[in-house]
Amino acid sequence: MLHPPQKLITNMANRSFTVIVHKQEDMYITECPEIGTADQGDIEQAIAGLTQATRLYLEELPVPEASPRYVTSIEVGYA
């Protein structure tokens, strides 16, 4: 069985990015704010799609320079 030619990646780099996940009606939306990529679907599909979209983006364009992102929470009292 013949397999299609595969793209060789010679300088593969790994980097961690922030992922924001929120539910909208019956699906999840995932976003990578550093890159600007997004996807939607059930939670597994949305994360897998976001990972693929981000990888494809980075294969074509350089990694944007950004300061590290920190995720925290705040507590707000309201009436």
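Just subtract the alpha-carbon distance of residue 27 and residue 78 from 0.36 nm times their residue separation and send over the number in nm, one decimal. The partial results should precede the final answer.
On the way: separation 51, 0.36 × 51 = 18.36 nm, distance 2.89 nm.
Fully extending the segment from residue 27 to residue 78 adds 15.5 nm.
Summing Lys, Arg as +1 and Asp, Glu as -1, what charge do residues with Cβ under 14 Å from the Cβ of residue 24 carry, residue 24 excluded?
With Lys, Arg at +1 and Asp, Glu at -1, the net is -4.
Can you check what the net charge comes to around residue 50, using other residues whose Cβ is under 14 Å from the Cβ of residue 50 (Lys, Arg +1; Asp, Glu -1)?
Within the 14 Å Cβ shell, the charges total -4.
Between residue 48 and residue 69, what is the label-to-label distance in nm when each label sits 7 Å out along the Cα-to-Cβ direction?
Label-label distance for residue 48 and residue 69, simple model: 2.3 nm.
Bear in mind that the values in this text are calculations on the coordinates, not laboratory data. In this text the structure is predicted, and so the values were computed from the model without any measurement. Backbone-built Cβ (ideal geometry, glycine too); neighbour counts: all protein chains shown.
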